[in-house]
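Below you'll find the structure I mean.
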Amino acid sequence: MASFIPRKGPNGRRVWQAHIRRRGYPAQVRTFDTKTAAQEWAAGIEHEISRGTFISRADTESTTLAALLDRYEREITPQKRGAAGERSHIRMIRQDCLARCCIPAITGKTLTQYRDRRLESVSASTLNREINILSHVFTVAARDWHIHLPWGNPVRMLRRPRVDDRRERRLTGDEEPRLLDAARRGQGDHIHEIIVLALETAMRRGEIAAMRWEHVDRKARVLLIPETRTGAPRRVPLSSRALAVLDSLPRRMDGRVWSVRAESMTRSFERAVSRARQDYEDECVKVLRKPDEDLLRDLRFHDLRHEATSRLFAKGLNPMEVAAITGHKTLQMLKRYTHLRAEDLAGQLG
């Protein structure tokens, strides 16, 4: 039988503490504002014990999402290749008031409110990455840490925002020479060489940043990428232009090809684009010409992969050959990175 003990609560008001003790089960104690609420809770727990369906909620009720995130970041995140990016997302989740909620309070409704708050400051794709992390946190908590989730994985009750992140941005006109000219003036960051290599190989930013000299086979004109996003290694053929870039670089003592990390490459690229745009606007002022609003605008480092993939098709390579270079696993994904221009195809029609 449950016992109910009056206690002095905050501000001196009376509260009721419910105690349930059954042989073979851990003692259950919880405090309520009224005796009626305590009796209802105790009746529910005793009913579950009688049916053999009782699961202790003590850990769940005292654990916040922030505590789960801390443990997840400490035990699970380091095992992932994208650990640095995941830590950044976890840091943003932890700053939201959702992280202060205890597990039973995290429902489809609270997650919907979180979704709506975040969409005011981040893109749908960024939010979906955060939701993926939350979903895995709850899955690991239930499966590996044996923390009872009263609603199951609450992320399943959330409607995710629709993401349309397809891009068709390619280098047009004289954007490439302007960009490369501005990149040459970088402050020792080799962004000029990095841009050329990206255009010649269609490699991802992270793959370029991770390059090591022992993976470059100069004789076979091939670069080995031992770890890729898809998990399978691949060998990338090197054009004469790509080899010339590598031959121009100094050899580092640590075996890495580049002295900069992936995030620094993005910042250097953005600075080069900004310099190129400013040079273009300055030229327009001198010749009294109105600048093209689209030239060197909305250009991202990842667009170089789109550009390089499209160029491989323009050279006459078939989809299987292109996929072997770019590492795409499906033709559908390869199609997303291929944007052939009608004017390029017209010349092939005769």
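Does residue 161 satisfy being assigned to a loop (DSSP other than H, G, I, E, B) and either at positive phi or free of Cβ contacts under 8 Å to residues at least 60 places away in the same chain (or both)?
yes
From the list 240, 264, pick out the single residue that is exposed (fewer than 15 other Cβ atoms within 10 Å of the Cβ), without any contact (Cβ under 8 Å) to a residue 60 or more places away in the chain, at negative phi and of a type in the set (Gly, Ala, Ser). Explain how you work it out, then say what you get.
Values: 264 fails: without any contact (Cβ under 8 Å) to a residue 60 or more places away in the chain.
Result of the check over 240, 264: 240.
Ok, one more. Find all pairs meeting these conditions: Cβ atoms under 7 angstrom apart; at least six residues apart or on different chains; first residue within the stretch 77-95 and assigned by TED's automatic domain parsing to the domain that holds residue 123; second residue among the acidic types (Asp, Glu) and part of a helix (DSSP H, G or I).
Short answer, once both residue conditions are applied: 77/86; 80/86; 87/73; 89/130; 90/73; 92/130; 93/130.
Yes/no matrix, rows are residues, columns are (1) of a type outside the set (Phe, Trp, Tyr); (2) assigned by TED's automatic domain parsing to the domain that holds residue 199; (3) surrounded by 14 or more Cβ atoms within 10 Å (Cβ to Cβ); (4) touching a residue at least 40 places away in the same chain (Cβ under 8 Å):
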{"site": "291", "(1), (2), (3), (4)": "yes, yes, yes, no"}
{"site": "297", "(1), (2), (3), (4)": "yes, yes, no, no"}
{"site": "300", "(1), (2), (3), (4)": "yes, yes, yes, yes"}
{"site": "304", "(1), (2), (3), (4)": "yes, yes, yes, yes"}
{"site": "308", "(1), (2), (3), (4)": "yes, yes, yes, yes"}
{"site": "312", "(1), (2), (3), (4)": "yes, yes, yes, yes"}
{"site": "324", "(1), (2), (3), (4)": "yes, yes, yes, yes"}
{"site": "327", "(1), (2), (3), (4)": "yes, yes, yes, yes"}
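Follow-up. Within the stretch 225-241, can you find the residues that are closer than 22 Å to residue 311 by Cβ and in contact with a strand residue (DSSP E or B) (Cβ under 8 Å, 6 or more places away or on another chain)?
Matches in the stretch 225-241: 225, 228, 234, 235, 236, 237, 238.
For the stretch 214-226, state whether one or more residues are over 26 Å from the mean Cα position of the chain (by Cα), within 26 Å of residue 81 (Cβ to Cβ) and assigned to a helix (DSSP H, G or I).
Yes: one or more hits.
Could you pull out the residue among 55, 45 that is surrounded by 13 or more Cβ atoms within 10 Å (Cβ to Cβ) and at pLDDT below 75?
Going through 55, 45 in turn, just one is surrounded by 13 or more Cβ atoms within 10 Å (Cβ to Cβ) and at pLDDT below 75: 45.
Report, by residue number, each residue of the stretch 82-107 that is modelled with pLDDT under 90 and part of a helix (DSSP H, G or I).
83, 84, 85, 103, 104, 105
Same structure again: Among the numbered conditions (1) in a helix (DSSP H, G or I); (2) crowded, with 19+ Cβ neighbours inside 10 Å, tell me where residue 203 comes up short.
In the conditions (1) in a helix (DSSP H, G or I); (2) crowded, with 19+ Cβ neighbours inside 10 Å, residue 203 misses (1) alone.
Residue-by-condition table, conditions (1) among the small types (Gly, Ala, Ser); (2) under 15 Å from residue 131 (Cβ atoms); (3) surrounded by fewer than 15 Cβ atoms within 10 Å (Cβ to Cβ); (4) under 15 Å from the mean Cα position of the chain (by Cα):
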position	(1), (2), (3), (4)
70	no, no, yes, no
73	no, no, no, yes
78	no, no, yes, yes
103	no, no, no, no
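Do we have residue 194 as farther than 24 Å from residue 320 by Cβ, β-branched (Val, Ile, Thr) and either surrounded by 14 or more Cβ atoms within 10 Å (Cβ to Cβ) or under 21 Å from the mean Cα position of the chain (by Cα) (or both) here? Reasoning before the result, please.
Details: farther than 24 Å from residue 320 by Cβ: yes; β-branched (Val, Ile, Thr): yes; either surrounded by 14 or more Cβ atoms within 10 Å (Cβ to Cβ) or under 21 Å from the mean Cα position of the chain (by Cα) (or both): yes.
Yes; evaluated as a whole, the condition is true for this residue.
The values are calculated or read from the model by the stated rules, or taken from the named source; none is laboratory data. Since this is a predicted model, take the numbers as computed values, not measurements. Please note: Cβ atoms are built from the backbone with ideal geometry, for glycine as well, and neighbour counts cover all protein chains shown.
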